[in-house]
Every structure is written in C-alpha cells, then in structure tokens.
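Peer 1: Provided herewith is a single structure, encoded as structure tokens, for subsequent inquiry.
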Amino acid sequence: MLKKEARQITGGLSAPSKMPGPAYNLPASQCITGQKLVKVPGSVCAGCYALKGRYRFNNVKTALERRAASIADPDWVKAMVALISGHEYFRWHDSGDIQSVEHLKKIFEVCKLTPFTRHWMPTREARFLKLMDPDIIPSNLIIRMSSHMIDQGPVTFWPWTSTVSTQAKTCPAADQGNKCQSCRACWDRAVPNITYPKH
C-alpha cells in the first residue's frame with residue numbers, strides 16, 4: 001500500500017518534537033477512563049494537555065476524530081503498517097487511548113507486521129490489560145500501565161508501568177529541552193517503571 005493511500009485511510013501519523021520517531025493520536029475526549037479522571041482533582045488527567053491549546057482547533061479535532069473512526073476500516077492494519085515501516089521507534093497514543101479489545105488486537109497485528117520497529121504504548125485502560133497475560137504481547141511492543149493519580153505508586157498487576165510525581169523523576173526530558181534525546185527507557189522492557197515529573 002502506498003503511503004498516500006495509507007494516510008487517507010488512517011488520517012496519518014503525528015510527529016511529536018520530543019520523540020525519536022512518529023506517533024499516533026486519538027481524541028482525548030474519547031478516552032474511556034480519562035473522561036472520568038479529567039474531573040478528578042489530583043488525577044494525572046486533570047488539566048489534560050490534549051483537551052486544550054491547539055487540540056481545541058477545529059481542524060485538529062476533525063483530524064483526531066477521523067483517526068478514531070478509521071480504526072474500523074478493514075484496511076487500517078495494512079495502512080498503519082505502511083506508515084510505520086522503516087521507523088525504529090514508534091509511540092501509540094500521544095493523546096487518546098485504547099478504545100476496545102478489537103482495537104488492541106489490531107495494534108498487536110500492526111506490531112507483528114513491523115518487527116523492526118520498537119513500539120511503546122502508555123495506557124490507563126486497566127480493563128483491557130487485566131484480560132490478558134503479558135506474554136501474549138508482541139515482543140517489540142511495551143505497554144505501560146499508567147497510574148491514575150499524581151504521586152501514586154505503580155500498579156502491581158502489570159510488569160511495566162509509569163507514574164507522575166511531584167517529588168522525583170526518572171524521565172530526563174525536562175533537563176534536556178523536553179526531548180528524549182538518547183533516552184529510550186520508555187521502550188525498554190528492562191525498565192519496570194518510568195516516573196515523569198508533574199508539569
């Protein structure tokens with residue numbers, strides 16, 4: 001599949017300046033758990049960056065909604081593979097989250113068909129992770145279960161996690177121009193938890 005056709009089907013990829021590769025985003029307004037947490041003071045989702053700023057522009061909202069709708073397209077997996085192939089690192093959902101078991105299964109297929117790409121996906125959707133054994137996840141994908149509250153410790157039911165803290169951090173981005181630079185800890189299964197600073 002040509003990349004032009006793949007972009008038409010999926011809505012294309014995003015290019016976060018922080019990351020070493022492209023990403024894929026969905027509307028934060030459609031996050032299943034995030035819709036609830038955004039109303040909870042002290043939660044990581046309260047004041048969500050993906051519900052303000054440029055994300056409120058009509059053209060951005062339209063593009064995100066188109067991406068969300070495209071997941072149901074029978075050629076979505078093939079199109080995502082065409083766009084991701086050739087990239088060494090990829091992030092799922094720099095905004096938005098897993099929408100369903102079927103969505104997650106499609107992501108697994110994309111990962112299997114892009115074996116030379118290292119995939120990272122943060123999520124708050126514990127309901128989907130609790131249904132599976134981590135051993136079934138494609139070896140080139142790491143899913144990090146994100147704790148819901150600021151200064152909450154990592155969850156214990158999942159091997160790879162992330163937290164947000166006002167006291168400490170292991171993510172170095174804040175000290176290097178808000179960029180990953182040479183750090184790849186988020187994609188590394190040998191790193192059990194990443195702590196991001198509250199900002």
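The values are calculated or read from the model by the stated rules, or taken from the named source; none is laboratory data. Note that the structure is a prediction, hence the values are computed from the model and not measured. When we count neighbours, we look across all protein chains shown, and the Cβ atoms used for this are built from the backbone with ideal geometry, even at glycine. We work out accessible area using only protein heavy atoms, side chains counted, and drop any ligands, DNA or RNA first. Shrake-Rupley method; radii C 1.70, N 1.55, O 1.52, S 1.80 Å.
Peer 1: List pairs: first in segment 19-35 and in contact (Cβ under 8 Å) with a residue 60 or more places away in the chain and more than 20 Å from A126 (Cα to Cα), second of a type in the set (A, V, I, L, M) and surrounded by fewer than 18 Cβ atoms within 10 Å (Cβ to Cβ), Cβ under 9 Å, 6+ apart or cross-chain?
Peer 2: G21/A15; P22/A15; A23/A15
Peer 1: Take V81 and decide whether it is part of a helix (DSSP H, G or I), under 24 Å from F116 (Cα atoms), touching an Asp or Glu at 6+ places or on another chain (Cβ under 7 Å) and open to solvent by less than 80 Å² (accessible area, probe 1.4 Å).
Peer 2: no
Peer 1: Quick test for you: out of K39, K4, pick the one residue that is farther than 24 Å from I137 by Cα, in a loop (DSSP other than H, G, I, E, B) and basic (K, R).
Peer 2: Answer to the selection: K39.
Peer 1: Considering only segment 144-163, state which residues are closer than 11 Å to A126 by Cβ and in contact (Cβ under 8 Å) with a residue 60 or more places away in the chain.
Peer 2: S146, S147, H148
Peer 1: Sticking with this structure for a sec: Among what's in segment 15-39 and is surrounded by fewer than 15 Cβ atoms within 10 Å (Cβ to Cβ) and farther than 15 Å from H93 by Cβ, pick the residue that is farthest from the chain's Cα centre (by Cα).
Peer 2: K39
Peer 1: Let me ask you something else. Of the conditions (1) more than 14 Å from the chain's Cα centre (by Cα); (2) modelled with pLDDT under 90, A50 clears all except one; give me its number.
Peer 2: With (1) more than 14 Å from the chain's Cα centre (by Cα); (2) modelled with pLDDT under 90 applied to A50, the lone miss is (1).
Peer 1: Next up: Limited to segment 63-98, what total is found for residues that are among the acidic types (D, E), at pLDDT below 95 and in contact with a strand residue (DSSP E or B) (Cβ under 9 Å, 6 or more places away or on another chain)?
Peer 2: 1
Let's see how each residue does on (1) in contact with a Ser or Thr (Cβ under 8 Å, 6 or more places away or on another chain); (2) farther than 24 Å from G153 by Cβ:
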position	(1), (2)
T10	yes, yes
P16	no, yes
A28	yes, yes
K36	no, no
P41	no, no
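Peer 1: OK, next. Scanning segment 148-183 for residues that are over 16 Å from H199 (Cα atoms) and of a type in the set (S, T, N, Q), which turns out surrounded by the most Cβ atoms within 10 Å (Cβ to Cβ)?
Peer 2: Ranking the qualifying residues of segment 148-183, first place goes to T161.
Peer 1: Being touching a residue at least 60 places away in the same chain (Cβ under 8 Å) and under 27 Å from E88 (Cβ atoms) narrows it down to one of G42, G12, so name that one.
Peer 2: Only one candidate qualifies: G12.
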